[in-house]
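Chemist: Following this message is one structure expressed as structure tokens.
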Amino acid sequence: MSKEESWSIIIKPEKSLFSVNLKEIFKFKDLILLFVKRDFISIYKQTVLGPLWIVLQPLLISFTLTVVFGYIAGIDLNGAPTMLFMLAGITVWGYFSDCVLKTSDTFIANQNIFGKVYFPRLVIPLSIVLTNLFKFFIQLALFIIFFVVYITLVDTNTGVQLSWQLALLPILIILMGVLGLGFGLLISSLTTKYRDLRFLIQFGIQLAMYASPIVYPLNTVPEKYQWILLANPMTSIIETFKAGFFGETFAVFNWFHLLYSIVFATVLLFISIILFNKVEKSFMDTI
């Protein structure tokens, strides 16, 4: 046996910028789970309500949007239940935005760990996506409970009905995770050199939320402006989610729009991994 083969772990330069060693990442699955546990505990540690914030946050945001845009501004929702409509959009957007915001801080927030021990750097952003996925499932369960209670006990004549697009939910979840991971990796790679992006990202996410059909249906936007919203890859995901729960009367579903989001997410992830691999080789010298 050669000297190189006698080692249990061999650390060597990657052959290409897009080299992703899935086998090596799988070896560190226990570390990923450890980071998931760490992130989940650290978020709610020393808070009065603890994990209850997972369900309170989307409810409070949805209630605020309902009052401001539903009753004060009087936005036309095509007759959809206002609170349910807002909660549906916030549930989807919350997972995506959390993935972007927390993944975008990968290098800066974990520089001490990166400087002391070796492990595949993609482990941390992947753990963030999984942590937020756990939160998403809780919030999704909350939305389903509100949905069932509303259409069965509160108002049975809303015209809301489940549609076949609901079967696309697993694809939508994967797309949200990939988009959040892609944007997060891209921003985290750039923030090692351009620190100003850390201050802009929170503001940018808030602006992007209003450029998505969360507080209004896409089909109420004038057709000549819809292409601007459809350029946002989250638009088709949100609309497909709403079409699955409310029916196509209250949302716009289009296979071409969904295909655009899939292609966008794939290209984004490809580019972001190339940049991430390039930055991780020397980020300790610039951070």
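Every number here is computed from the coordinates shown, using simple stated rules; none is lab data. All of these numbers come straight from a predicted model, not from anything done at the bench. Counting neighbours? That spans all protein chains shown, and the Cβs are built from the backbone with ideal geometry, glycine included.
Chemist: If each of VAL263 and ILE108 carries a label point 7 Å out from its Cα toward its Cβ, how far apart are those two points in nm?
Modeler: Here the answer is 3.4 nm between the modelled labels.
Chemist: For the charge dipole of the range 45-286, defined by +1 on Lys and Arg C-beta atoms and -1 on Asp and Glu C-beta atoms about the Cα centroid, which residue among GLN226, LEU269, VAL160 has the Cα displaced farthest towards the positive pole?
Modeler: Of the listed residues, the answer is LEU269.
Chemist: Describe numerically, in nm with one decimal, the distance between label points set 7 Å from Cα along Cα→Cβ at PHE199 and at LYS37.
Modeler: If labels sit at PHE199 and LYS37, their model points lie 3.9 nm apart.
Chemist: Longer than 21 Å from Cα to Cα, which of LYS29/LYS193; LYS193/LYS278; LYS135/LYS278 are they? Say none if no pair is.
Modeler: LYS29/LYS193; LYS135/LYS278
Chemist: Please give the length that would be gained between ASP76 and TRP227 if that part of the chain were fully extended, namely 0.36 nm times their separation in residues minus their C-alpha to C-alpha distance (nm, one decimal).
Modeler: 52.4 nm
Chemist: Would you work out the charge dipole size for the range 45-286 about its Cα centre, treating the Cβ of every Lys and Arg as +1 and the Cβ of every Asp and Glu as -1, and quote it to the nearest 20 debye?
Modeler: Here the range 45-286 has a charge dipole of around 800 debye.
Chemist: Could I ask something else about it? At a Förster distance of 45 Å, what's the computed FRET efficiency of ASP30 paired with THR220, Cβ-Cβ distance as r, to 0.05?
Modeler: E(calc), rounded to 0.05, equals 0.40.
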